[in-house]
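Structure first, then comments.
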Amino acid sequence: TPEGTGPFPVVLYFHGGGWVFADRKVYDGGARGISKQANAVVVSVDYRRAPENKFPAAHEDALAAYRWLSKNAASLNGDAKRLALAGESAGGNLAVATAVAAHKAGLTAPKHVLSVYPVAQSNTETESYRKYADAMPLNRPMMLWFIDNVTKGPADAKDPRIDLVHADLKGLPPVTVINAEIDPLRDDGAQLEQALRTAGVS
C-alpha cells in the first residue's frame, strides 16, 4: 500500500516462474515498485503451482483472486472502480487470461492490463525460440520443462488460456506488452500484440 490517503487504484499482480517455481516473495521488488510508482495498492498472488497443481489451477486461482478483489477492494483501502492486472512471464499470461475470463464472466472490467514478457502461445519453434534457445536466464529447454510440468498433455498447451494468441481477445481494456530482446518469449509478445490489434484492443 502506498503512502498517503486512499482509496487508491488497485493492481492485481501475478509473479513469473513458468507456473512451476518462484512466489510473491521472489517477485516482491516488482510488486513494490509498481505500488510506489503508480501510487496504487498492489495485491500479489501466491497462486497454486505445478507440478503438484497442473493447468488450469493457476488460472483458476488468478480469476478467483480478481473476483474477490472486485468485490473487496475497499477492505484494502482500494477503489474497485480503478482495477488493473499485471504480471511477468507466466504472470504476464495470467494477467491477460484473467482479463479475458473476467470479460466472459461479466465481472468489473480492469482499466488496464500490463503483460511483461508474457507466455502467449504454445509453438516453441518461433524465430526467437530458435535464436535464443540457449539464452539466460530463460531458454528453450527451460520452457519445454515448464510446459511438461504444467500441462497434462498437448491439448492443455492449445487451451486459449495458455495460447492467448488464439483466444477471443475482443472487448479487453488497453494492454501494455513489454518484451525483452534476448528472450525466447520475444515473439510471443509480438504475436500477442498483433492478436490484440486484430481484436481491436488498444
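The values are calculated or read from the model by the stated rules, or taken from the named source; none is laboratory data. Remember, it's a predicted structure, so these values are computed and weren't measured experimentally. Heads up, the Cβs are rebuilt from the backbone with ideal geometry, glycines too, and the neighbour counts pull from every protein chain shown. Side chains included, ligands, DNA and RNA excluded: accessible areas come from the protein's heavy atoms. Shrake-Rupley method; radii C 1.70, N 1.55, O 1.52, S 1.80 Å.
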If the Cβ limit is 8 Å and pairs must be 6+ apart or interchain, which residue in the stretch 175-202 that is on the phi > 0 side of the Ramachandran plot pairs with which residue that is among the β-branched types (Val, Ile, Thr)? none
Take the residues in the stretch 188-199 that are open to solvent by less than 50 Å² (accessible area, probe 1.4 Å) and not small (Gly, Ala, Ser), then tell me which one is farthest from residue 139 (Cα to Cα). 196
Taking into account only those residues within the stretch 48-71 that are open to solvent by 50 Å² or more (accessible area, probe 1.4 Å) and either in contact with a strand residue (DSSP E or B) (Cβ under 8 Å, 6 or more places away or on another chain) or small (Gly, Ala, Ser) (or both), which is farthest from residue 102 (Cα to Cα)? 71
Is it true that some residue in the stretch 173-187 is among the small types (Gly, Ala, Ser), within 16 Å of residue 92 (Cβ to Cβ), open to solvent by less than 20 Å² (accessible area, probe 1.4 Å) and in contact with a strand residue (DSSP E or B) (Cβ under 9 Å, 6 or more places away or on another chain)? no
Hey, among the residues in the stretch 14-47 that are within 14 Å of the chain's Cα centre (by Cα) and among the charged types (D, E, K, R), which one's least open to solvent (accessible area, probe 1.4 Å)? 23
What tally of residues in the stretch 146-156 results from selecting those that are within 14 Å of residue 50 (Cα to Cα) and open to solvent by less than 90 Å² (accessible area, probe 1.4 Å)? 7
Residues satisfying the stated conditions in the stretch 61-102, i.e. among the small types (Gly, Ala, Ser) and either within 16 Å of residue 201 (Cα to Cα) or without any contact (Cβ under 8 Å) to a residue 24 or more places away in the chain (or both): 64, 75, 84, 95, 97, 99, 101, 102
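Pick out the one residue from 202, 128, 115 that is over 17 Å from residue 14 (Cβ atoms), open to solvent by less than 10 Å² (accessible area, probe 1.4 Å) and polar (S, T, N, Q).
Of the residues listed, the single one that is over 17 Å from residue 14 (Cβ atoms), open to solvent by less than 10 Å² (accessible area, probe 1.4 Å) and polar (S, T, N, Q) is 128.
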With the condition kept exactly as written, say whether any residue in the stretch 152-171 is in contact (Cβ under 8 Å) with a residue 40 or more places away in the chain, part of a loop (DSSP other than H, G, I, E, B) and within 20 Å of residue 34 (Cβ to Cβ). no
